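**Student:** One structure coming up, written as structure tokens, with questions to follow.
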Amino acid sequence: MSDLVFKVTPGGKLSGDIRVPGDKSISHRSIILGSIADGITTVEGFLEGEDSLATLEAFRAMGVQIDDVVAGKTTIQGVGLHGLKPPAGSLYLGNSGTSMRLLCGLLAAQAFPTVLTGDKSLSSRPMRRVTDPLTEMGANIVLQEGGVAPIHISAGKLHPIIYDLPVASAQIKSCLLLASLYTDSADGSSQITEPAPCRDHTERMLRGFGYEIGTQGARISITGGGSLSGCHIDVPADISSAAFFLVGASIAEGSDLLLRHVGINPTRTGVINILLAMGADISIENPGEVGGEPVADIRVKYAPLKGIEIPLDQVPLAIDEFPALFIAAACAQGTTTLSGAEELRVKESDRIQVMADGLATLGVTHVVKDDGIIIEGGTLGGGEINSHGDHRIAMAFTMAGLKATKEISIHDCHNVATSFPGFTDLAGKTGISLEYAEK
Ligand code: S3P
């Protein structure tokens, strides 16, 4: 594939009134749960990015009628828990770890076999974290050597699981919740305990579809044998996409930006909490709720940031926002320390190392740790950055351009389209001097 290069001219500030695209996690789940519900589900605010569209195509391939997404709206004709049909070929899930891991849980319980494949990045990501507990539930799954995709799933009869998640991962939790829908209520309930809170969109959405689940502290219990009723889902703007603009406006003098209708579920707001602790000027306006998910407009203005020790409890709540937060740390006064974030090494890229390499190019002093990084704030230079096809790395370094002293060229940016269609336009509209070219 050709190389998509973003070229950012240094300087500028962010201003305006914008809405970033729909939440990726919620968009995936709207298709998954809408497909296995009884009746019609309507969705608005759906993310028309490659990841969530891969999920949509996978369910179409299993016989679910889903309208083309037009201006974020679609309608799903749910087929019920047992109405999916065998797909004609393997299901290609592109770059999406969420799609692959959640589908493992759902497909392990179907009466037909499936094969799940993905792109180069997804085919190197660890899958045993979901297939091990699924196997314990009775699933028949074969991985490639090293525990990676393609994943071959054949029909299995699942029973409930009592499971302590080894990592605070919403993908593992959601995978097991989906598998548990298909267990026999006579066998009891599944009980899943998380080591620390992580995003709870599946739990909220299951309830929105009328499926009862229990939560007692860190333990979630779910009994199979029920059914889901189609409903309407209003997908909020993705706080993970908003994060780039929160950081950009915080670091660029004179910025004043309003981000509309952003999801502020407390299991996702680590980025706001961390930026506030660094001294950011962020305020929440018009708080409300859509379909069980809290939303608000977020205003962010420039403020001088200071380095902090990032609290451990915020790590799972900001897990996708660290590329952006590393740029905030590089622009802050003093030292920022991140620990307890080894999960960053198994995201779309090794986000600790890839960010560290990019920071080194910009001349930012840092120390890489197994589970995090120490960043000394200072002056940002410029240069050639390799995003390694990781959408969030590409967007984080785009924001760095606001404070850089020289031009920044970011390579391998195609995957920005997985989570943030229209990023380059929105970046330009709000004040970043960004050109892009296929090389
Ligand atoms: C997601 C969970 C997180 C996150 C990913 C989306 C989800 O992954 O990084 O982008 O939608 O459940 P983990 O479960 O691996 O932490």
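The values are calculated or read from the model by the stated rules, or taken from the named source; none is laboratory data. As the structure is a prediction and not an experimental result, all values here were calculated from the model. Don't worry about glycine lacking a Cβ; one is built from the backbone with ideal geometry, like all the others, and counts go over all protein chains shown. Heavy atoms of the whole protein, side chains included, go into the accessibility calculation; ligands, DNA and RNA do not. Shrake-Rupley method; radii C 1.70, N 1.55, O 1.52, S 1.80 Å.
**Student:** Would you pick out the residues in region 190-213 that are more than 12 Å from SER169 (Cα to Cα), outside any helix (DSSP H, G or I) and either touching a Leu at 6+ places or on another chain (Cβ under 8 Å) or small (Gly, Ala, Ser) (or both)?
**Tutor:** SER190, PHE209, GLY210, TYR211, ILE213
**Student:** Further question: I need the full set of residues from region 151-189 which are within 14 Å of the ligand (Cβ to nearest atom) and assigned to a helix (DSSP H, G or I), in order please.
**Tutor:** ALA170, GLN171, ILE172, LYS173, SER174, CYS175, LEU176, LEU177, LEU178
**Student:** Helices (runs of 4 or more DSSP H) wholly in region 323-439 with at least 1 residues that are within 17 Å of the chain's Cα centre (by Cα), polar (S, T, N, Q) and surrounded by fewer than 24 Cβ atoms within 10 Å (Cβ to Cβ) - which ones?
**Tutor:** Counting at least 1 such residues, we get no helices (runs of 4 or more DSSP H) at all.
**Student:** Could we say that GLY291 is open to solvent by 20 Å² or more (accessible area, probe 1.4 Å), in contact with a His (Cβ under 8 Å, 6 or more places away or on another chain) and not assigned by TED's automatic domain parsing to the domain that holds THR41 here?
**Tutor:** It is true that GLY291 is open to solvent by 20 Å² or more (accessible area, probe 1.4 Å), in contact with a His (Cβ under 8 Å, 6 or more places away or on another chain) and not assigned by TED's automatic domain parsing to the domain that holds THR41.
**Student:** For region 208-236, give me each residue that is under 21 Å from the mean Cα position of the chain (by Cα) and surrounded by fewer than 24 Cβ atoms within 10 Å (Cβ to Cβ).
**Tutor:** Passing the criteria: GLY208, ASP234.
**Student:** A further question follows. Could you please find all residues in region 244-262 being open to solvent by less than 10 Å² (accessible area, probe 1.4 Å) and either assigned to a loop (DSSP other than H, G, I, E, B) or under 19 Å from SER25 (Cβ atoms) (or both)?
**Tutor:** Selection gives PHE244, PHE245, LEU246, ALA252, SER255, LEU259, VAL262.
**Student:** Does region 300-321 contain any residue that is within 20 Å of ASN386 (Cβ to Cβ) and among the hydrophobic types (A, V, I, L, M, F, W, C)?
**Tutor:** Checked against the condition, which is being within 20 Å of ASN386 (Cβ to Cβ) and among the hydrophobic types (A, V, I, L, M, F, W, C), region 300-321 yields no hits at all.
**Student:** Does at least one position in region 85-92 carry a residue that is out of contact with any Ser or Thr (no Cβ under 7 Å at 6 or more places or on another chain), away from the ligand (no atom under 16 Å from the Cβ), more than 28 Å from ALA417 (Cα to Cα) and touching a residue at least 24 places away in the same chain (Cβ under 8 Å)?
**Tutor:** Looking for residues that are out of contact with any Ser or Thr (no Cβ under 7 Å at 6 or more places or on another chain), away from the ligand (no atom under 16 Å from the Cβ), more than 28 Å from ALA417 (Cα to Cα) and touching a residue at least 24 places away in the same chain (Cβ under 8 Å), one finds at least one in region 85-92, hence yes.
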